[in-house]
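One structure below.
The values are calculated or read from the model by the stated rules, or taken from the named source; none is laboratory data. Just so it is clear, the structure is predicted and the values come from calculations on it, not from any experiment. Cβ placement follows ideal geometry from the backbone for every residue including glycine, while neighbour counts extend to all protein chains displayed.
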Amino acid sequence: MTMTKGESLAGQAGGTPPRRSHVPGDGTAAAEAIEQARRAMLHEVRSRKRTRIGADALMEALIRQGADTLFSYPGGVILPIYDVLGDYPEIRHILVRHEQGGAHAADGYARASGKVGVCMGTSGPGATNLVTGIATAQLDSVPMVAITGNVPGSLIGKDAFQEIDITGITLPMTKHNYLVRNADDIPRVVAEAFYIAQHGRPGPVHIDLTKDALQQETRAEHPSLEDVIAGLPGFRPNTEGHPRQLKLAAREIAQAKRPLIIAGHGVLIAEAWDELRAFAEKTQIPVAWSLLGIGAMDEEHPLAYGYMGMHGWKHVNRAIQAADLLIAIGMRFDDRVTGSVKTYAPYARIIHVDIDPAEIGKNVAVEVPIVGDAKNVIVGLTKLVHQVEPAARAAYHAQLAEWRRESERSSWHGSGGWKEGVLSADFVVERIGELTDHVATYVADVGQNQMWLARYTKFRRPHSHISSGGLGTMGFAVPAAMGAALGNPAAETWAICGDGGFQMTSQELMTLAVDRIPVKIALLDNKKLGMIRQWQEIVYAGNYHSSHLPGPDFAKLADAYGVPAFRASTPDEVDKAIKAAQAVDGPALIWFEIEQEQNVFPMMPAGKGLSDLIETWGAPEE
Amino acid sequence: MSPDPTTTDPTTTDPATEPTAAPPTAAPPPAAHAAPPPRSLPGSGETRRHILVVLVMDRPGVLNRVASLMRARNFNIDSLSVSRTDKPQISRMTLTLHGDDVAVEQAGKQLYRLIDVLKVQDVTAEQVVEHELALLKVRATDTNRAEVIKIVELFKGRIVDIAPDAVIVEASGTEAEIDSLVALVRGYGIKELVRTGAVVMLRGAGSIEEALKL
């Protein structure tokens with residue numbers, strides 16, 4: 001079923017049919033039926049007598065940890081797992097088309113559900129293909145357990161077929177990793193891995209299992225949580241903020257005239273959005289957010305000020321530069337947030353709340369460090385601060401509102417916007433936000449599309465925005481959206497990607513089609529590596545080497561995979577195409593042929609500060 | 001808490017409010033009276049030698065984890081010595097590195113992120129016994145062997161092997177003491193030199209290991 005240009009879909013778009021889903025826990029009749037079939041099968045299989053091997057211990061351990069979805073790709077040494085996988089219908093196996101897709105899917109699943117994402121690949125190339133996804137999770141503090149097989153213990157170190165020192169490779173990009181050579185260790189290692197992945201500052205944990213460990217018979221029992229904690233004496237994250245530091249922070253807040261909260265991913269990880277809102281309301285302090293902090297505050301809230309940083313709103317960066325107190329919660333002063341540290345927030349004293357002590361004082365010197373879980377610290381702080389009436393901050397709020405009006409008016413909404421009938425990307429993401437009531441799960445790829453999404457879509461629900469922030473992994477959107485759709489089946493899921501990133505992992509269209517995972521892909525095709533082109537235009541004097549990126553006929557491509565495709569190349573086709581895609585039961589792709597040379601403004605050039613934003617470039621006066 | 005009138009607000013002179021020039025290369029110089037002092041970067045910038053004692057779980061790969069982390073985070077290890085302790089499963093590393101106070105504190109915090117690391121203590125400012133062991137193979141013939149032995153004795157070292165053309169000297173002491181011994185015998189010709197790197201222990205009854213809560 002292929003339709004182009006959104007035609008003949010007006011009828012369908014009117015009444016969206018109830019979404020059919022076989023995702024467990026979705027509550028639909030289909031899901032219920034499958035669940036019952038699973039239980040029946042479970043009963044049947046478990047009565048079959050056979051030896052319990054390492055692979056069984058692995059599957060049992062995963063189930064005990066609450067894993068229900070496994071993104072994986074088979075291979076020689078993990079065949080023992082695939083041999084028993086059918087006996088464990090509690091775990092839904094998603095056969096991805098590339099291990100990288102599996103790792104990103106586990107990442108998206110974790111971010112959308114708040115649970116640990118699990119992915120698996122075989123030894124050698126299967127394992128190295130997972131690496132990009134593991135690194136993405138590490139840089140964005142996403143709880144993930146990545147499982148790989150390895151050659152039998154006796155062959156380790158012999159350069160055996162498909163052998164690589166994968167624990168050596170993942171060592172610097174995981175929170176922890178394990179090489180397991182004995183089946184008896186599997187229950188303990190899996191339990192530890194899940195505990196480490198989700199406690200303290202979350203992150204990926206990698207488990208490498210030799211083939212013989214998977215095949216050995218084992219009677220090892222699963223450890224209790226107490227045993228797991230006792231076995232990890234070096235892992236005692238501090239979650240409570242120190243009372244003395246909280247008092248110091250409260251004093252700073254009481255004295256501040258132009259305070260600003262800057263919220264990061266930590267607020268979402270700690271599920272502290274309600275607490276953050278209550279804190280902001282009590283103190284009447286506006287809230288700005290980093291890329292991964294999007295969703296920590298409902299953007300419609302009067303105290304929600306906006307997205308900061310390199311491509312953030314000018315008024316937000318201006319407020320940071322003018323602030324006399326920054327209350328940084330669960331963010332790490334990344335260079336994309338601060339620009340040049342020397343000119344960053346020159347008038348501000350800084351309160352820095354983070355669960356990872358290593359983040360404090362790493363990039364900027366701070367006046368009040370608080371190590372602890374964002375939720376606990378915000379609750380503690382809220383008790384200590386005075387109630388502030390809005391009137392008391394009226395002048396400050398008025399100044400911020402004035403800057404916001406100025407910034408939104410002058411902000412360059414894309415060089416395409418001024419042309420009659422030209423499709424600009426900011427318009428597309430704005431419409432997607434509007435037509436999904438701003439509560440879908442929006443998964444960004446990397447580059448201009450990511451910045452457009454962050455700036456113009458307007459997010460009203462926590463965890464509604466998923467983006468590869470730290471590593472900036474192109475090709476992230478489609479597989480991560482696949483995982484997000486399974487991790488939070490109640491929310492409509494959109495992948496917003498450029499033509500460059502899409503072509504990196506488009507093979508997962510097949511997974512979407514086969515497993516009928518209802519991801520809507522908004523492909524913003526400017527036939528360019530847009531952000532590269534923008535930098536070449538502005539920083540490299542228009543030397544456009546390799547940023548022009550011819551792509552295929554994306555409608556035909558999607559059609560070949562059995563994914564319905566729609567196409568929009570003018571602004572008036574946008575709504576129709578979005579509604580058409582929403583009406584599809586299952587995955588769908590919209591090919592937006594956007595203005596080819598639209599830039600994301602404002603922009604902070606590398607090495608410059610937040611006060612040095614470029615707002616327009618070579619564009620006509622308005 | 002009273003609102004701050006915008007007239008006294010330093011933001012009115014904030015560079016952010018000044019018009020920004022479009023070309024990145026031609027940013028206007030900040031007006032001298034308006035420019036706030038630059039934000040200080042973390043750390044004093046004064047580098048000196050630090051000694052860290054690191055207690056770790058004795059698990060496969062833990063040395064690799066510590067070494068890999070120090071490399072990845074751009075810290076330069078001067079010496080590293082690892083051994084077992086009296087507690088089963090716990091190993092002790094003594095690590096010396098150069099850096100300013102904040103950089104070394106950051107190194108410690110990053111080490112704490114490793115699951116196998118139990119305790120990191122910077123003992124630079126503490127009263128410690130510091131020792132390292134060195135073996136030196138020094139060129140020494142009948143004509144000057146007595147001189148070499150004299151120097152070694154002054155440093156409370158001892159000769160552990162004698163050959164017709166060389167002696168092996170064993171010496172222990174602080175890094176500085178070994179450095180000066182090496183400098184003194186260098187004139188005779190050092191054929192080989194091996195040093196263990198510093199190991200340290202706090203003076204007095206205090207114990208880093210006993211302070212561990214396991």
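Remarks
- Qualifying residue in region B:44-51 (condition: out of contact with any Lys or Arg (no Cβ under 9 Å at 6 or more places or on another chain), modelled with pLDDT of 90 or more and crowded, with 18+ Cβ neighbours inside 10 Å): yes
- Every condition in (1) in contact with a helix residue (DSSP H, G or I) (Cβ under 9 Å, 6 or more places away or on another chain); (2) more than 11 Å from chain A (Cβ to nearest Cβ); (3) modelled with pLDDT of 90 or more holds for B:Arg71 except the one numbered (2).
- Taking region B:42-60 as the range and being within 13 Å of another protein chain (Cβ to nearest Cβ) and touching a residue at least 40 places away in the same chain (Cβ under 8 Å) as the test, the residues that pass are B:Pro42, B:Gly43, B:Ser44, B:Gly45, B:Val54, B:Leu55, B:Val56, B:Met57, B:Arg59.
- In region A:264-321, residue farthest from the other protein chains (Cβ to nearest Cβ) [restricted to those that are touching a His at 6+ places or on another chain (Cβ under 9 Å) and over 20 Å from A:Pro462 (Cα atoms)]: A:Lys282
- Qualifying residue in region B:114-136 (condition: in contact with a Phe, Trp or Tyr (Cβ under 8 Å, 6 or more places away or on another chain), free of Cβ contacts under 8 Å to residues at least 60 places away in the same chain and within 14 Å of another protein chain (Cβ to nearest Cβ)): yes
- The listed residue being within 18 Å of the chain's Cα centre (by Cα), at pLDDT below 95 and farther than 25 Å from A:Asp437 by Cα, out of A:Arg336, A:Arg318: A:Arg336
- Test: residue in region A:358-368 that is touching a Gly at 6+ places or on another chain (Cβ under 7 Å) and closer than 21 Å to A:His265 by Cα: no
- Residue within region A:120-134 that is in contact (Cβ under 8 Å) with a residue 24 or more places away in the chain and closer than 28 Å to A:Ala37 by Cα present: yes
- Test: residue in region A:160-169 that is farther than 19 Å from A:Ala220 by Cα, in contact with a Ser or Thr (Cβ under 8 Å, 6 or more places away or on another chain) and within 14 Å of chain B (Cβ to nearest Cβ): yes
- Residue, farthest from the other protein chains (Cβ to nearest Cβ), within region A:170-187, restricted to residues that are farther than 26 Å from A:Ser141 by Cβ and part of a loop (DSSP other than H, G, I, E, B): A:Asn182
- Summed over region A:324-363, the residues that are facing chain B (nearest Cβ under 7 Å), outside any loop (DSSP other than H, G, I, E, B) and in contact (Cβ under 8 Å) with a residue 60 or more places away in the chain give a count of 3.
- Residue within region A:385-399 that is in a helix (DSSP H, G or I), of a type in the set (Phe, Trp, Tyr) and buried (at least 24 other Cβ atoms within 10 Å of the Cβ) present: yes
- Failed item, numbered, when B:Ala103 is tested on (1) within 14 Å of chain A (Cβ to nearest Cβ); (2) crowded, with 16+ Cβ neighbours inside 10 Å; (3) modelled with pLDDT under 95; (4) farther than 20 Å from A:Pro172 by Cβ: (4)
- Any chance A:Phe592 is within 14 Å of chain B (Cβ to nearest Cβ) and either in a strand (DSSP E or B) or buried (at least 22 other Cβ atoms within 10 Å of the Cβ) (or both): no
- Residues that are surrounded by 23 or more Cβ atoms within 10 Å (Cβ to Cβ) and out of contact with any Ser or Thr (no Cβ under 9 Å at 6 or more places or on another chain) within region A:301-310 comprise just one, A:Tyr305.
- Index of the failed condition, A:His199 passing every other in (1) more than 25 Å from the chain's Cα centre (by Cα); (2) within 12 Å of chain B (Cβ to nearest Cβ): (1)
- When region A:239-258 is filtered for residues that are under 32 Å from the mean Cα position of the chain (by Cα) and within 10 Å of another protein chain (Cβ to nearest Cβ), the ones remaining, listed by number, are A:Ile253, A:Arg258.
- Test: residue in region A:524-539 that is under 21 Å from A:Gly586 (Cβ atoms), touching a residue at least 60 places away in the same chain (Cβ under 8 Å) and in contact with a Leu (Cβ under 8 Å, 6 or more places away or on another chain): no
- Test: residue in region A:369-378 that is in contact with a Gly (Cβ under 8 Å, 6 or more places away or on another chain), crowded, with 21+ Cβ neighbours inside 10 Å and part of a helix (DSSP H, G or I): yes
- Residue match in region A:381-397 (condition: more than 9 Å from chain B (Cβ to nearest Cβ), in contact with a Leu (Cβ under 7 Å, 6 or more places away or on another chain) and touching a residue at least 40 places away in the same chain (Cβ under 8 Å)): yes
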